[in-house]
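Heads up: the structure comes next, in structure tokens.
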Amino acid sequence: MTDGYPVCRLGAVASVQGGFAFKSGDFIETGVPVLKIKNVRLREVDTTDPAYVDQSLAKDSARYFCKSGDLLISMTGSGPQAPNSVVGRVARFTGPSDKYLINQRVGRFVNKVPDKLDQRYLFYVLAQEETLWKLVSIATGSANQANISGSQIESLEVPLPPLAEQKAIAAVLGALDDKIELNRRMNATLEAMARALFQSW
């Protein structure tokens, strides 16, 4: 995707902020939603089944609220034998800002140089399968519970084209993503129509 461009250490342009260390007793049936590792899927954040904490506790952890466009990463997970739960999954949060908190072991990338690094471009670099397996290879722990630290993630080398080219790359890949999502929704609609017709017969 970016062969021939200069590379730099990820930590030079972005840092990894870990989530808030909520205790197990903090979680309740309803309240302010919290995103856990399970909510960080490959490329997308699933907000359908969050945990919850009380509003008063959320006030003490306000800096851990997600902003729309945030990039999240699972800092604990499995090894390569279980791709859906593998450590190092990167997802782009597209939900509303300041509604969802992030739990511990969910990392968030903080852009340190917005004038040199485009956030959506960074997502496409980090979401590459090649990058995922680099993260898996440096994770520590067992195959069932592998861990990566913020410093390990920041040690990755990433290509850094000029900002204008980053934006152009992200625009092209974003358009492809939008087309794929549109096709997926169309297929889901057609399947629902087919099921309804079958049931009426």
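The values are calculated or read from the model by the stated rules, or taken from the named source; none is laboratory data. All values reported here derive from a predicted model rather than from experimental measurement. Cβ atoms come from the backbone with ideal geometry, glycine included; neighbour counts cover every protein chain shown. Ligands, DNA and RNA are excluded from the accessible area calculation, which covers all protein heavy atoms including side chains. Shrake-Rupley method; radii C 1.70, N 1.55, O 1.52, S 1.80 Å.
Hey, does region 41-49 have a residue that's in a strand (DSSP E or B), at pLDDT below 95 and open to solvent by less than 70 Å² (accessible area, probe 1.4 Å)?
Within region 41-49 (the criterion being in a strand (DSSP E or B), at pLDDT below 95 and open to solvent by less than 70 Å² (accessible area, probe 1.4 Å)), the answer is no, since none of the residues qualifies.
Would you check which residues across region 51-79 are within 15 Å of the chain's Cα centre (by Cα) and part of a loop (DSSP other than H, G, I, E, B) and list them?
Within region 51-79, Cys66, Lys67, Ser68, Gly69, Asp70, Met75 qualify.
If we keep just the residues of region 80-130 that are outside any helix (DSSP H, G or I) and among the hydroxyl-bearing types (Ser, Thr, Tyr), which is least open to solvent (accessible area, probe 1.4 Å)?
Top of the filtered list is Tyr100.
Filter region 21-37 for residues that are touching a residue at least 12 places away in the same chain (Cβ under 8 Å) and in a helix (DSSP H, G or I); which is nearest to Gly95 (Cα to Cα)?
Ile37
Looking at (1) under 20 Å from Asp49 (Cβ atoms); (2) modelled with pLDDT of 95 or more, which one does Pro83 not meet, given that it meets all the others?
For Pro83, the exception is condition (2).
Among all residue pairs at least 6 apart or on different chains, which show Cβ distances below 9 Å where the first residue, located in region 145-169, is buried (at least 16 other Cβ atoms within 10 Å of the Cβ) and the second is assigned to a helix (DSSP H, G or I) and of a type in the set (Phe, Trp, Tyr)?
Pro161/Tyr121; Gln166/Tyr121; Ile169/Tyr121; Ile169/Tyr124
Taking the stated definitions as given, is Ala62 open to solvent by 30 Å² or more (accessible area, probe 1.4 Å), modelled with pLDDT under 95 and either among the acidic types (Asp, Glu) or closer than 30 Å to Tyr121 by Cβ (or both)?
Answer is yes for this residue.
Mind listing just one residue for me: the one in region 135-158 that is among the aliphatic types (A, V, I, L, M), over 18 Å from Arg108 (Cβ atoms) and outside any helix (DSSP H, G or I) and, of those, modelled with the lowest pLDDT?
Among them, the one singled out is Ala143.
Just to verify a result, which residue in region 5-40, among those that are open to solvent by 50 Å² or more (accessible area, probe 1.4 Å) and among the charged types (D, E, K, R), is nearest to Phe123 (Cα to Cα)?
Checked region 5-40; the qualifying residue nearest to Phe123 (Cα to Cα) is Arg9.
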